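Colleague: Here it is, the structure, as structure tokens.
The values are calculated or read from the model by the stated rules, or taken from the named source; none is laboratory data. Keep in mind that what you see is a predicted model, and the values were worked out from it rather than measured. With ideal geometry, Cβ positions are generated from the backbone for all residues, glycine too; neighbour counts draw on all protein chains shown.
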Amino acid sequence: MKTILITGIGKGIGRALAEKYLAEGHEVIGTYLSTTPDYSHEQLTVFPLDLADPQSISDCVAQITALHKKIDILHNNAGAQFDTEETTVVISKLRQTLEVNLVGTIDFIERLLPLMNKGGHIINTSSSAGSLALAGKESHYPGHYPAYKISKSALNMYTRTLADRLKNEGIIVSSVHPGWVKTDMGGEEADVTPEEAANSLFTLAMSRPETGKFWFNGEEFPW
């Protein structure tokens, strides 16, 4: 049995991931933004976490630390998109986005590093929107949501730098594009269910891929 930490388990991919790990017999520590998840399990512990609030991050990490458990897999799943309809950078929305998807996420990870097990796996949920190689070639709404794209591209760079830092400690760090998923963010037109995305993420998380890579459905994805 492994101990899994997943941010944003209230709905979408995060919920599907939590349910997948629990069904497979693992222990899950989950975080939620504002509403306590409407499901429970004897192997599930939940804490509130607002990645835009440094105090919330500090409090959440303190609560996790108090469990006295080592983390085997960390899924940084929680994220936000504030500029869905924008085609130019709106500075206020850029600041909002970076605070959640980049600054808050990195702050959370850095505080949790002492709790990671040797041989652990840190998985950052990115997006095809963060791929520089695909910039301007996206099949869904090219040119839209620049703040979100910037945040995911920057998160990818953090994955690379963190992987290099931890390479001698046996901790793998990965970025993952989960696909175009039917969530509040992805919309109903998306072609992947949260359960399908969770199954792919679960398979990657439980494997030992090369560290510092960007993945989609088990295959390397272009940076």
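Colleague: Kindly provide the set of residues from segment 21-49 that are crowded, with 21+ Cβ neighbours inside 10 Å and closer than 17 Å to ASN199 by Cα, ordered by number.
Modeller: TYR21, VAL28
Colleague: Name the pairs: first residue in segment 50-74 and at pLDDT below 95, second residue aromatic (Phe, Trp, Tyr) and surrounded by 20 or more Cβ atoms within 10 Å (Cβ to Cβ), Cβ to Cβ under 8 Å, at least 6 apart or on different chains?
Modeller: Matching pairs, first to second residue: none at all.
Colleague: Using beta carbons and a limit of 7 Å, which pairs, at least six apart or on different chains, have the first residue in segment 152-175 and within 30 Å of ASP83 (Cα to Cα) and the second one in a helix (DSSP H, G or I) and among the β-branched types (Val, Ile, Thr)?
Modeller: LEU155/THR105; TYR158/ILE106; VAL173/THR159; SER174/THR159; SER175/THR159
Colleague: Does ILE13 satisfy the criteria of being of a type in the set (Val, Ile, Thr), touching a helix residue (DSSP H, G or I) at 6+ places or on another chain (Cβ under 8 Å) and in a loop (DSSP other than H, G, I, E, B)? Quick ask: steps written out before the conclusion?
Modeller: On the way: of a type in the set (Val, Ile, Thr): yes; touching a helix residue (DSSP H, G or I) at 6+ places or on another chain (Cβ under 8 Å): yes; in a loop (DSSP other than H, G, I, E, B): no.
When the stated conditions are applied, ILE13 does not pass them.
Colleague: Moving on to the next point. Would you pick out the residues in segment 25-60 that are β-branched (Val, Ile, Thr), out of contact with any His (no Cβ under 9 Å at 6 or more places or on another chain) and in a strand (DSSP E or B)?
Modeller: To start, the set of residues in segment 25-60 that are β-branched (Val, Ile, Thr) comprises 28-29, 31, 35-36, 45-46, 57.
Subset that is out of contact with any His (no Cβ under 9 Å at 6 or more places or on another chain): 29, 31, 35-36, 45-46, 57.
Within segment 25-60, ILE29, THR31, THR45, VAL46 qualify.
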